[in-house]
1. Looking only at the range 211-230, decide whether some residue is in a helix (DSSP H, G or I), touching a residue at least 12 places away in the same chain (Cβ under 8 Å) and in contact with an Asp or Glu (Cβ under 8 Å, 6 or more places away or on another chain).
2. Among the residues of the range 171-186, is any within 18 Å of V267 (Cβ to Cβ) and within 22 Å of the chain's Cα centre (by Cα)?
3. Which pairs have Cβ atoms under 9 Å, sit 6 or more apart or on different chains, and link a residue in the range 157-170 that is over 14 Å from W200 (Cβ atoms) to one that is open to solvent by 40 Å² or more (accessible area, probe 1.4 Å)?
4. Which of the following residues is within 29 Å of Q78 (Cβ to Cβ) and of a type in the set (G, A, S): G241, G207, G232, G251?
5. Any residue at all in the range 246-261 that is hydroxyl-bearing (S, T, Y), buried (at least 18 other Cβ atoms within 10 Å of the Cβ) and either within 21 Å of the chain's Cα centre (by Cα) or in a loop (DSSP other than H, G, I, E, B) (or both)?
6. The conditions are (1) farther than 28 Å from W235 by Cα; (2) surrounded by 20 or more Cβ atoms within 10 Å (Cβ to Cβ), and T294 fails exactly one of them. Which is it?
7. When you go through (1) open to solvent by less than 70 Å² (accessible area, probe 1.4 Å); (2) assigned to a helix (DSSP H, G or I); (3) touching a residue at least 24 places away in the same chain (Cβ under 8 Å) one by one for N11, which number turns out not to apply?
8. Of all residues in the range 76-134, which are charged (D, E, K, R) and in contact (Cβ under 8 Å) with a residue 40 or more places away in the chain?
Amino acid sequence: MEKMLLEGPHNNGRQMEIDLARGLAVLFMIIIHFQEYFLKLSYWETDWALAGDFLGSVPAAPVFMFLMGVGFVYSRHQEPKYFAKRGLQLLVGAYVLNILRGLIPCLIVWWQTGYQEDYAYAWETVFFVDILQFAGLTLLSFALFKYLRLNNWLIALLGLLLALLNFFLLGIQSDNLYFVAVTGLFWGSGEVSYFPYLSWIFYPIAGFLFGGFLIRCGNKIRFYALCLLLGGLVWFGSAFGLQEGYGIDIGLFSDYSYYHHTLLGNVAFTGFILWWLGILFFLFPLVPKFAMRTIQRWSYNVTQIYIAQWLIIGWLVIPFYYWSLEPPMYFVYLLPVIVASDVAAHYYRKLRARYSIKIM
């Protein structure tokens, strides 16, 4: 029987189940962002809206960040300098995006409505700590890991220590926007901190360790069967045993607890990710080829689609305002946003290749 793990890199190349998970996360991301901005509040408790809310939570951002760590293993770039440069680019780009998709269109909305809360919200968007800020800090962290030549055991230990530090710092909260704009990069110190480093760094580290096993995998059927079993036990035990059974919040009680969850949520969500990857590995042969081509394109263009969908959604608040759409028009507008984000990312990549331009 073929060994499950071999000594050196063996399972190279693109992994279809990874592309499938990342591509679906792109779709879920667009759906939840559009829903949060435009769906009328009276529909938020409907079954389909709650389903969209869940798909936009654990199968989206935690999956993205876990697969970012897997990508570090498979990347042809392994130099600390590359990680540091890319991390700084993402950090700067994140705040440029905040201005382009938040400040400018929201100021136009304020000019239309005259509402003071629209003016305040416009300036608040500049300081949002979103997933690009977190990705930049993660790349800088891995640049340091590689520069110091830390082995996997030390990286894993550091991930646990950072998660424990999160417990102590989460008690420090503030309503001061400028304080949160800085501290919120590192822990969930306020409401504009959506992806604080200490709550989310667990996933890229876990993904990096997972990627180290995956690239050595000699028997993916056994490997993913084990992921399916162990991940399912952790996830369903946490979701139904702890949260539903004992009322212990693993990060799903509210949006605030989701963005600022602790080590318990890290473990529970990682269990879901392993279970989800196992499910997708075994379901992949059933995915039609035309659908898989689209999903792979989404997976490959993930950063560009993320930027495109935020620019589109951010500027749509001008004609639509917030929470203004109800079915069927909500769905009529959602589909073009998905398609337009995909097309914009695709043609940006083509233009970048042809003219050697690179914005992000």
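The values are calculated or read from the model by the stated rules, or taken from the named source; none is laboratory data. Because the structure is predicted, anything quoted here is derived from the model rather than measured. Heads up, the Cβs are rebuilt from the backbone with ideal geometry, glycines too, and the neighbour counts pull from every protein chain shown. Note: accessible area is taken over every heavy atom of the protein model, side chains too, but ligands, DNA and RNA are not part of it. Shrake-Rupley method; radii C 1.70, N 1.55, O 1.52, S 1.80 Å.
1. Yes; the residues of the range 211-230 include at least one that is in a helix (DSSP H, G or I), touching a residue at least 12 places away in the same chain (Cβ under 8 Å) and in contact with an Asp or Glu (Cβ under 8 Å, 6 or more places away or on another chain).
2. no
3. Taking only residues 6 or more apart or on different chains, the pairs are L158/L150.
4. None of the others qualify; the one that does is G207.
5. Checked the range 246-261: at least one residue is hydroxyl-bearing (S, T, Y), buried (at least 18 other Cβ atoms within 10 Å of the Cβ) and either within 21 Å of the chain's Cα centre (by Cα) or in a loop (DSSP other than H, G, I, E, B) (or both).
6. The one condition T294 does not meet is (2).
7. (2)
8. Across the range 76-134, the qualifying residues are E79, K81, R86, R101, E124, D130.
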